[in-house]
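A short reminder: the numbers here are calculations on the coordinates, not readings from a lab. Computed from a predicted model, the values in this text were never measured in an experiment. Counting neighbours? That spans all protein chains shown, and the Cβs are built from the backbone with ideal geometry, glycine included.
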Amino acid sequence: MQATPRVHPTALPSLNPGRAETPVAFVHAILLAYTQRGLSPNTMLEQAQIAPAILKKPTSRITALQFELASGIAMRELDDEALGWFERRLPWGSYGMLVRASLTAPTLGVALKRWCRHHNLLTGSIQLSVNEQDGVATLSLTEQADLGALREFCIVSVLRNALGVACWLSDSRIGLQHTTLRYAAPSHKGSYEVLFDGPVRFEAETNSLQFDALYLTLPVRRDEAALQRMLERALLLTVRPYRRDRLLVEKVRQTLTQFPQHSRNADALADRLNLSTRTLHRQLKDEGSSLQQLKDAVRRDLALDLLHRSKKPLKQIAEAVGFQSEKSFLRAFKNWTGQTPDAMRRGK
């Protein structure tokens, strides 16, 4: 029996790997790719345990795990990670190469722009771009050629893939504000409630995902070793949403940097963020952080910057970073760095 292949993130599953939520229409799209290549899909259907009877019912659905197997086997047998969408095949490893090229980016915004630019070099059938306006980031997919019967499968897969890569690179669950699609609502439009967060609008002017632009400022948190582990089950990028959203962490960090006086009072900070103090602490915990950790990190970074770039006395630096006394600042600084501010300033 053929070994089960590694699965690539272009595969399109439902979000729950154990429930039958993936429309059979996407299986038919894979079958069409086999037909275009003049190859038999029997091995793929058998190993994914997709019964012929299911294919005859337009309303049928399969599980994400079945689709994981079907997609992975098809990509290997067709040697095409795009599964027939484009004017040319994307050989095995193409999407891994795109992710690798984004690993060294300092922020998610830079990484996504690289990912889109490099994807545009692989095919002229579609063009991807990332833009920001009025606090909203938009990942757009422009159709440059007639995608034919594979249009829906291609657009949904590429958008889901991009979202999964973005979540993985930033280690954050990215909540969508809107999804827009140029084609008419399919008969299985109910599945889109599972495929995309938030409202989905069909027959729109563009194919796009929209989300808070602050996500673009998140740092890239992955490296080559993490990429190698991810590629063993890359489909998980689109099977399961990230549970941890780091957006509030970034909002708190930016607020404390801009308004260090709020670091003295959790109530004032929560009020500025339009949250209750209890919700602030709970959501930060859900994101794997705490207010004290963020306060310390922001204060430390600001203190180091002032020590190196100014000649301000320590009392003024203490006040600037949110301490009420120089003594408490000195104690905290020693805990952060293992040195006194004077020693740090002298470079010792």
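Enter the Cα centre distance for the pair segment 59-116 and segment 303-334, rounded to the nearest angstrom.
The distance from the Cα centre of segment 59-116 to that of segment 303-334 comes to 49 Å.
Could you work out the helix-only [θ] at 222 nm for the chain, with each DSSP H run of four or more residues adding -39,500 (n - 2.57) and the total divided by the number of residues, to the nearest 500 deg cm²/dmol? All intermediate terms of the calculation are to be shown ahead of the outcome.
Working: 17 runs with 173 residues, N = 348.
That comes out to -14500 deg cm²/dmol.
With respect to the cross-link table entries K113/K251; K285/K334; K295/K315; K57/K113, which display a Cα-Cα separation exceeding 29 Å?
Details: K113/K251 22 Å; K285/K334 26 Å; K295/K315 19 Å; K57/K113 40 Å.
Over 29 Å apart, Cα to Cα: K57/K113.
What is the set of long-range amide H partners of I62 at a cut-off below 5 Å, with H atoms built 1.01 Å from backbone N?
Residues meeting the amide H criterion: E21, T22, V24.
On full extension of the chain, what length is gained from L39 through Q210, given 0.36 nm per residue of separation minus the C-alpha to C-alpha distance? Can you show the working numbers first?
Numbers: separation 171, 0.36 × 171 = 61.56 nm, distance 3.81 nm.
Extending this stretch completely gives an extra 57.7 nm.
Specify the longest stretch of the chain that does not include any exposed loop site, a site being one of the GluC sites (Glu not before Pro) with a non-H, G, I, E, B DSSP assignment and at most 12 other Cβ atoms within 10 Å.
Values: sites that count: E87, E203, E205.
That would be 206-348.
Projecting each Cα onto the charge dipole of segment 20-232 (Lys/Arg +1, Asp/Glu -1 at the beta carbon, about the Cα centre), which of L103, Q49, L141 comes out farthest on the positive side?
Result: Q49.
Of the options L280, L69, L314, report the single residue whose Cα projects farthest towards the positive end of the charge dipole of the chain (beta-carbon charges: Lys, Arg +1; Asp, Glu -1).
L314
Students often forget the sequence filter, so: which aspartates and glutamates lie under 18 Å Cα-Cα from K312 once same-chain residues fewer than 8 apart are removed?
In chain and number order, the partners are D301, E326, D342.
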